1. Assess whether Ser62 counts as being in contact with a Phe, Trp or Tyr (Cβ under 6 Å, 6 or more places away or on another chain), part of a helix (DSSP H, G or I) and of a type in the set (S, T, N, Q).
2. Run down Ser42, Ser2, Ser12 and say which single residue is more than 26 Å from Leu109 (Cα to Cα) and either at pLDDT 90 or above or out of contact with any helix residue (DSSP H, G or I) (no Cβ under 9 Å at 6 or more places or on another chain) (or both).
3. Go through the residues of segment 232-242 one by one and say whether even a single one is at pLDDT 95 or above and either under 21 Å from Thr146 (Cα atoms) or in a loop (DSSP other than H, G, I, E, B) (or both).
4. Is there a residue being within 21 Å of the chain's Cα centre (by Cα), within 15 Å of His18 (Cα to Cα) and touching a residue at least 40 places away in the same chain (Cβ under 8 Å) anywhere in segment 55-62?
5. Would you mind telling me which numbered condition in (1) among the small types (Gly, Ala, Ser); (2) loosely packed, with under 15 Cβ neighbours inside 10 Å; (3) farther than 25 Å from Ile43 by Cβ Ala295 fails?
6. If I ask for residues that are part of a helix (DSSP H, G or I) and either polar (S, T, N, Q) or surrounded by fewer than 22 Cβ atoms within 10 Å (Cβ to Cβ) (or both), which ones from segment 215-229 would you list?
7. State whether one or more residues within segment 218-227 are small (Gly, Ala, Ser) and either under 20 Å from the mean Cα position of the chain (by Cα) or not assigned by TED's automatic domain parsing to the domain that holds Met184 (or both).
8. Mind telling me which of the residues Pro86, Pro80, Pro101 ends up being at pLDDT below 85 and surrounded by fewer than 21 Cβ atoms within 10 Å (Cβ to Cβ)?
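The values are calculated or read from the model by the stated rules, or taken from the named source; none is laboratory data. Quick caveat, the model's predicted, so the values are computed rather than measured. Neighbour counts are summed over all protein chains in view; Cβ atoms, including those assigned to glycine, are modelled from backbone coordinates with ideal geometry.
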Amino acid sequence: MSETTGTKVSFSRRLRAHLAIARLDHSIKNLFVLPGIIVPLSIYPGLLSWRLGLTLVWAFVSITLVACSNYVLNEVLDAPFDRQHPTKRDRPAALGLVNVPAAYAQWILMMAAGVAIGWTISWQFAATALALWLMGCAYNIKPLRTKDVAYLDVLTESVNNPLRMLLGWYAVAAWLVPPLSLLMCYWMIGCYFMALKRFSELREIGDRGVAGAYRASFKRYTPESLLVSVVFYASTAMLFFGAFVIRYRIELLLAFPLVALVMAIYFKLAFKHNSAVQNPEKLYREPGLMLWFTATVVVMVLLLFVRLPWLENIFMPTIPVVQPTSGTAVSSVVLPLTTVRLS
């Protein structure tokens with residue numbers, strides 16, 4: 001029986017509902033795995049092989065299963081709140097089309113299958129896949145349910161970004177330690193996107209009372225506070241991006257104007273009515289953003305595989321060293337600091 005209509009739901013309609021709550025269309029977010037694949041390959045190009053290609057196929061299957069498991073849980077637990085949202089009230093669980101016990105079984109089975117496949121890749125990959133699932137639990141399940149806590153909702157949801165990057169990394173080179181600066185940059189850029197999503201949602205709903213009934217964290221948010229947090233996340237992301245670039249990949253400095261442009265375009269989109277920022281899986285509908293995002297990705301990938309020594313010489317940090325000369329006089333000599341390069 002449907003929870004909202006009191007009418008019988010056919011098996012085919014119920015089946016479609018259970019497929020829908022897995023949100024396979026959100027698999028586009030698995031593109032966040034790609035930097036974790038490309039960076040280690042830029043360090044050891046010899047890792048690229050047909051065997052790695054097969055491993056990556058299974059890795060994406062594993063990641064998709066775990067992510068879809070989290071979406072199933074989200075749909076079931078958020079159904080009462082989604083009914084308060086102007087558009088999300090049409091989701092299958094909110095309409096009462098989902099069999100709740102079956103959905104919980106679906107949630108566990110998809111996670112178990114995803115982690116099991118991940119174990120065949122490496123224990124590091126499987127552990128990270130499990131961590132991705134556990135973050136979904138913390139985000140949705142009481143007493144934690146971090147999605148109801150202002151700012152913590154953005155921080156915990158965005159942890160999925162570095163976790164996805166780690167999944168790509170461990171699929172390629174589980175023995176290689178990823179740079180912490182890159183992981184932190186990836187986390188903060190995820191917070192930037194998520195905070196703008198919250199801002200766009202709150203702005204779209206308009207009434208904070210209605211917004212608070214849909215998502216408890218909106219009771220503490222204001223448009224101004226969200227924009228302030230966006231500035232913080234963007235600044236912190238670029239701080240760690242700079243740390244990674246200066247230490248490991250100075251060539252990526254040339255891509256920074258494109259990165260800043262994409263972030264600016266995304267910021268502007270958050271002010272549009274019914275913005276795709278609220279549903280990132282629909283960002284392909286923004287041709288301007290997609291054009292510059294694609295150009296940015298292409299340029300960054302190319303820069304990961306080239307060496308520009310002249311650029312390193314320009315930005316190499318230096319320190320003054322005093323060396324003795326004849327007699328008592330001394331002269332100052334500038335020596336370069338040691339820089340670690342991913343090569």
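1. Values: in contact with a Phe, Trp or Tyr (Cβ under 6 Å, 6 or more places away or on another chain): no; part of a helix (DSSP H, G or I): yes; of a type in the set (S, T, N, Q): yes.
So Ser62 does not fit the description; no.
2. Working: Ser2 fails: more than 26 Å from Leu109 (Cα to Cα); Ser12 fails: more than 26 Å from Leu109 (Cα to Cα).
Result of the check over Ser42, Ser2, Ser12: Ser42.
3. Yes, because at least one residue in segment 232-242 is at pLDDT 95 or above and either under 21 Å from Thr146 (Cα atoms) or in a loop (DSSP other than H, G, I, E, B) (or both).
4. Residues of segment 55-62 that are within 21 Å of the chain's Cα centre (by Cα), as a first pass: 56-62.
This time we only want the ones that are within 15 Å of His18 (Cα to Cα), so: none.
So far as segment 55-62 goes, no, none of its residues is within 21 Å of the chain's Cα centre (by Cα), within 15 Å of His18 (Cα to Cα) and touching a residue at least 40 places away in the same chain (Cβ under 8 Å).
5. Ala295 satisfies all of (1) among the small types (Gly, Ala, Ser); (2) loosely packed, with under 15 Cβ neighbours inside 10 Å; (3) farther than 25 Å from Ile43 by Cβ except (3).
6. Here is the first cut: in segment 215-229, the ones part of a helix (DSSP H, G or I) are 216-219, 223-229.
Answer for segment 215-229, where residues must be part of a helix (DSSP H, G or I) and either polar (S, T, N, Q) or surrounded by fewer than 22 Cβ atoms within 10 Å (Cβ to Cβ) (or both): Ala216, Ser217, Lys219, Pro223, Glu224, Ser225, Leu227, Val228, Ser229.
7. Keep residues of segment 218-227 that are small (Gly, Ala, Ser), which gives 225.
Among the residues that remain, those that are also either under 20 Å from the mean Cα position of the chain (by Cα) or not assigned by TED's automatic domain parsing to the domain that holds Met184 (or both) are: none.
No; the residues of segment 218-227 include none that is small (Gly, Ala, Ser) and either under 20 Å from the mean Cα position of the chain (by Cα) or not assigned by TED's automatic domain parsing to the domain that holds Met184 (or both).
8. Details: Pro80 fails: at pLDDT below 85; Pro101 fails: at pLDDT below 85.
Being at pLDDT below 85 and surrounded by fewer than 21 Cβ atoms within 10 Å (Cβ to Cβ) holds for just one of Pro86, Pro80, Pro101, which is Pro86.
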